[in-house]
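What follows draws every value from the coordinates through simple rules; no lab data is involved. Keep in mind it's a predicted model, so treat the numbers as computed, not measured. Please note: Cβ atoms are built from the backbone with ideal geometry, for glycine as well, and neighbour counts cover all protein chains shown.
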Amino acid sequence: MKTLFIDCNPQFEKVFRKVHRADDPAVTVNNHPFGPTDLPRLLDGYAICIDDHSYMPTPQIAQCRSLRHIVYCGTGASSYMDVPALAGLGVTVHTYRGYGDTAVAEHTIALMFACARDIALSDRKIRGGTWQPLEGIQLFDKTLGVIGLGGIGREVARIGAGIGMKVIGWNRTPRPEAGVPEVSIDELLSRADVISLNLSLTDETHGFLDAARVARIKPGAILVNTARGALVDEAALVDALASGRIGRAGLDVFHAEPIKPDHPLVRPDNVTLSPHAAFRTPEASENLLRRALDIVRKVQGYPPL
């Protein structure tokens, strides 16, 4: 069974070469740009595709006659492909979690600080010739609301508590092992000075922060999303940032990526952006790609390491 890593950028290729073992299955690496219409040509003859963060539209995948497995690097495959529809075509989508919990949590906290102290805005002003000290928000003793208490959410809660924040959490099912006081989602939204979104994107969580829930957020709160853009109603988010209902937002993920320069979330001064980079550390990248290779090994019947 031939395997293609379809979107291995040059930075990732160095990491991939490092973690790929001599006794792993052979993997062909593509590091050239492509579009959806190129998928049938690129995947011709390949049974397995490793996909970092490329869209896999169902009509194009339907033309990939030999494809049987997509190994998506991470948890958010639903943002890039219709997993049930691909299953109907006989293509199994493999995902995995836990490869970069600490990296994503640290980036979440970094965005929280950047928002609280307007770091990105201050940087832009200084580079533009304006010296204007801005008044920020002290985070000590503020309430951090963590939505989703999986591995990443628990790390966010741990770090938040370590800097003196009062941490509360919400999860779809109780997580007593998280060691965080769990409250209703309405209470979390109304109490939290900072809200961290750490949910997986599923049919149930798509649009989780809809207009009604956004309206319940404590006025002036900071919202940080390093999970998936589609967890939030985008129009409601834009309106809440404009009205001040959400005071600041730190966003690493978006409904469509890459986000366009004229998108309404790009313009406001109270939004800090990063390019879906929360897990991008050497440690997390190595874990991510090693886990992908382990799935390829399993699919091809290789013994576990």
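Structure above, values below:
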| read-out | value |
| --- | --- |
| Degrees between helix 10-19 axis and first principal axis of the chain (Cα, 0 to 90, nearest 10) | 70 degrees |
| Ranked list, fewest to most other Cβ atoms within 10 Å of each Cβ, for ILE259, ILE48 | ILE259, ILE48 |
| Nonlocal amide H pairs with ALA221, under 5 Å, H built at 1.01 Å | GLY247 |
| Relative contact order (%) - the stretch 101-273, alpha-carbon pairs under 8 angstrom, separation at least six | 21 percent |
| Three-way shape call for the stretch 79-128 based on the alpha-carbon gyration tensor, with the a/c threshold at 1.5 | prolate |
| Virtual spin-label span in nm between THR173 and ALA277, 7 Å along Cα→Cβ | 3.6 nm |
| Proximal lysines to LYS218, defined as alpha-carbon separation beneath 20 angstrom and excluding residues fewer than eight positions away on the same chain | LYS142, LYS166 |
| Listed values (i) 57, 48, 35; (ii) 57, 52, 35; (iii) 58, 43, 37, entry calculated as Cα extents along the principal axes in Å | (i) |
| Protection proxy ranking of 277-286, 35-44 - average other beta-carbon atoms within 10 Å, highest first | 277-286, 35-44 |
| Descending semi-axes in whole angstrom, ellipsoid equivalent of the stretch 101-273, from the Cα gyration tensor | 25, 19, 15 |
| Computed over the chain: relative contact order in percent, which uses C-alpha pairs under 8 Å that are six or more apart | 17 percent |
| Cα centroid separation - the stretch 145-179 against the stretch 267-298, whole Å | 21 Å |
| Cα-based reach from LYS260 at 25 Å (exclusive), listing lysines while leaving out same-chain residues under 8 positions away | LYS125 |
| Cross-link partners of LYS18 among aspartates and glutamates (Cα-Cα below 19 Å; sequence separation of 8 or more within a chain) | ASP7, ASP51, ASP52, GLU283, GLU286, ASP294 |
